[in-house]
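> Before we start, here is the structure in question, set down as structure tokens.
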Amino acid sequence: MARERRKAQTRHELVAAGDRMFREQGFHGTSLDQVAAAAGYTKGAVYSNFASKEDLFLAIFERRVEEALERVARVLEAHGEQGPAELTRRNLAAPDRGWMAVFFEFWAHVLRNPQSRARFLALHRRAQEPLVAHARKRLGADGAIDAEGWTLANVAMVNGLQLEQLTDPELDAADLAVAMFEGAQRGI
């Protein structure tokens, strides 16, 4: 039992160090040796927990998705019908630029790696589940677009605006995104 706890602790510390290093230096700019050193372990400890650098990144993404699901549920509960607009506002008003940069870098990376792409897509869609459920309640079954399509379009808009913010750090996209989201809801 103690060995399992130590292994879980090692994995947790490697994920935390990987998250920090990837945000600071990017996916391609970070080596597993650097992650191991930042966590206070050897490269062997990394490989005893993760099959590859992609596997480590996907573990980080999975942890972030689980954390985001909790935040999203709280915001949707607290803001009801306006929950998605509030989430959009929060994501764009205070972006985690380091995470967004490495997220987009990894997204481009997995396009040429079918196995990692499938895991990435599953996590990406998992993060959208509460938004799909919320949209399903609002759109009903006879809408012009289904809840999955509605959510995907809105997530794509927010991702695009986050990419624009990375390119232009002075861009304040929060109000624009909320206006676009609300206009789409009204059918503009």
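> Can you pull out the chymotrypsin sites (Phe, Trp or Tyr not before Pro) in segment 83-148 whose DSSP state is coil and whose Cβ has at most 15 other Cβ atoms within 10 Å? Please list the in-between numbers first.
Numbers: sites: W99, F103, F104, F106, W107, F120; in loops: none.
The qualifying sites: there are none.
> Within segment 17-53, which residues have the backbone N less than 11 Å from the label spot 7 Å out from N113 along Cα→beta-carbon, could you tell me?
Under cut-off, by backbone N: 27-28, 51-53.
> While we're on this one: Which of the lysines could be linked to K53 by a straight reach, that is with a Cα gap under 25 Å, when you skip same-chain ones fewer than 8 residues away?
Counting by Cα, and skipping residues close in sequence, K53 has these lysines nearby: K7, K43.
> Just from its helices, what would the mean residue ellipticity at 222 nm be for the chain, if runs of 4 or more DSSP H residues each count -39500 (n - 2.57) and the sum is divided by every residue, rounded to the nearest 500 deg cm²/dmol?
Values: 9 runs with 151 residues, N = 188.
It lands at -27000 deg cm²/dmol.
> Students often get this wrong, so try it: which of (i) 7, 14, 13, 11, 10, 9, 7, 5, 5, 5, 4, 3, 2, 2, 1, 1, 0; (ii) 9, 32, 32, 19, 7, 1; (iii) 8, 29, 25, 19, 12, 6, 2, 0 is P(r) over Cα pairs in 10 Å bins from 0, in percent as calculated from the structure shown?
Among (i) 7, 14, 13, 11, 10, 9, 7, 5, 5, 5, 4, 3, 2, 2, 1, 1, 0; (ii) 9, 32, 32, 19, 7, 1; (iii) 8, 29, 25, 19, 12, 6, 2, 0, the one calculated here is (ii).
> Excluding M157 itself, calculate the net charge of residues whose Cβ lies under 14 Å from the Cβ of M157, where each Lys or Arg counts +1 and each Asp or Glu counts -1. Kindly include the intermediate steps, with their values, before the conclusion.
Numbers: positive: R89; negative: E164, D175, E182.
Net local charge, M157 excluded: -2.
> Report, to the nearest 10°, how far helix 2-25 tilts away from the longest principal axis of the Cα atoms in the chain, using its own Cα long axis and a range of 0 to 90°.
For helix 2-25, the angle is close to 60 degrees.
> Now for a different question. Around S116, under 12 Å between beta carbons, what's the net of Lys plus Arg minus Asp minus Glu among the other residues?
Working: positive: K53, R112, R117, R119; negative: E54, D55.
Charge balance near S116 sits at +2.
> On to the next question. Taking a quarter of the surface of the Cα convex hull of segment 1-50, what do you get in nm²?
Values: hull surface 12.2 nm².
Its Cα hull, projected and averaged over all orientations, spans 3.0 nm².
> Give, rounded to the nearest 20 debye, the magnitude of the charge dipole that segment 63-188 has about its Cα centre when Lys and Arg contribute +1 at Cβ and Asp and Glu contribute -1 at Cβ. Show your work: numbers first, answer last.
Numbers: 16 positive and 18 negative charges, 106 e Å.
Result for segment 63-188 is approximately 520 debye, rounded to the nearest 20.
> Which one, V75, A85, P169, is farthest towards the positive end of the dipole of the chain when Lys and Arg carry +1 and Asp and Glu -1 on their Cβ?
So the residue furthest toward the plus end is V75.
Where a number appears in this text, it was derived from the coordinates with a stated rule and is not lab data. Computed from a prediction, not measured in an experiment: that's the story for all the values here. Cβ sites come from the backbone with ideal geometry, for glycine too, and all protein chains shown count toward neighbours.
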